[in-house]
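Data block below; observations after.
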Amino acid sequence: MEKVLIVTGASRGIGAATARAAGRAGYSVVVNYTAQRAAAESVVRDIEAAGGSAVAIHADVSQEADVLRLFAETDDLFGRLDGLVNNAGVVGRSSRFTELDTGDLHRVFAINVFGSFLAAREAVKRMSTSRGGRGGAIVNLSSGAATLGSPGEFVHYAASKGAINTMTIGLAKEVAREGIRVNAVEPGMIETDMQAASGDPGRVARIVPTVPMARAGSPEEVAGPILFLLSEAASYMTGAILRVSGGR
């Protein structure tokens with residue numbers, strides 16, 4: 001039976017690239033989305049056209065009821081779960097710390113942190129060998145911002161990803177003897193529409209000169225390491241935080 005993988009926020013960017021790569025790797029993929037139904041369905045069609053299996057499921061990961069429904073629908077459709085990619089996230093609005101909007105702060109943490117915690121919790125319940133599961137793997141999407149800090153623009157986003165790193169390490173240790181590996185990927189400057197959503201569409205061009213490889217990465221260049229961490233090739237890796245940043 002094909003393994004089943006949930007990818008949150010999979011309608012675009014790194015999530016969409018990961019879902020497509022997982023489909024090619026033989027996973028049945030749950031393509032989670034919040035607002036962009038047409039884009040999510042396009043990802044599903046791409047996976048199916050390549051011979052894979054996929055379904056799009058709407059759920060806002062910042063809402064516990066939605067997360068519970070996402071996993072319940074996955075149970076009903078596939079009857080198993082083998083992996084989770086906690087990709088759903090927002091960068092928030094660019095601002096100095098003193099100008100930080102409280103609503104934006106809540107939104108960034110609700111999606112990036114609470115959403116990842118809730119999804120990981122439900123995945124562990126299903127995959128843990130101590131609960132009758134078959135084991136599995138979780139890959140969390142962190143960011144190079146977690147260690148760079150993003151001063152003057154995205155300290156709140158950087159802090160949310162620092163929380164993801166800590167959760168990755170702690171959860172990995174907690175479930176290591178239950179057949180579940182938990183790792184994270186820290187992307188650097190990646191060409192997605194997230195930068196435009198922040199209100200700073202020129203940020204990629206401005207940051208690229210600070211990248212040792214002198215270019216931004218592509219979503220596909222992050223999807224590859226994610227699939228590696230999900231795979232048996234990474235069978236002795238847990239609690240690892242893998243930086244994919246062109247050297248930055």
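Coordinate-derived values only; no laboratory data. The structure presented is a predicted model; accordingly, all values stated were derived computationally and were not measured. Here the Cβ positions follow ideal geometry from the backbone for every residue, glycine too, while neighbour counts run over all protein chains shown.
Structure values in brief
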item	result
Neighbourhood charge, 15 Å Cβ-Cβ cut-off, centred on GLN63 and excluding it, Lys, Arg +1 and Asp, Glu -1	-2
Peptides ranked, highest mean first, by Cβ atoms within 10 Å: ranges 142-152, 232-242, 71-81	142-152, 71-81, 232-242
Phi-based couplings in Hz for segment 200-209 (Karplus 6.51, -1.76, 1.60; Gly and Pro marked x)	9, x, x, 5, 4, 4, 6, 8, 3, x
Amide H contacts of LEU242 (H built 1.01 Å from N, under 5 Å, at least 5 apart or other chain)	ALA184, VAL185, GLU186
Helix-only mean residue ellipticity at 222 nm for the chain, each DSSP H run of n ≥ 4 adding -39500 (n - 2.57), per residue, nearest 500	-13000 deg cm²/dmol
Protection proxy ranking of 166-178, 31-43 - average other beta-carbon atoms within 10 Å, highest first	31-43, 166-178
Packing-based ranking, highest mean first, of 210-219, 5-14, 60-69 given that Cβ atoms within 10 Å are counted	5-14, 60-69, 210-219
Cβ-based charge dipole, the chain, positive-most Cα from SER11, GLY246, TYR236	TYR236
Net dipole in debye of the chain [+1 Lys, Arg Cβ; -1 Asp, Glu Cβ; about Cα centre; nearest 20]	500 debye
Cβ-based net charge around GLU2, under 14 Å, with every Lys or Arg adding one and every Asp or Glu removing one	+2
Per-residue ³J(HN,Hα) for segment 104-116, Karplus 6.51 cos²θ - 1.76 cosθ + 1.60, θ = phi - 60°, Hz, x for Gly and Pro	5, 4, 4, 5, 4, 6, 4, 7, 5, 9, 4, x, 5
Within segment 127-248: Cβ-based charge dipole about Cα centre, in debye rounded to nearest 20 (Lys, Arg +1; Asp, Glu -1)	300 debye
In nm, spacing of pseudo-spin labels at THR102 and ARG215 (7 Å Cα→C-beta vector)	4.6 nm
Additional length obtainable on full extension of the chain from GLU174 to ALA25, 0.36 nm per residue less Cα span	50.8 nm
Segment 88-127 and segment 164-223: distance between their alpha carbon centers, rounded to Å	14 Å
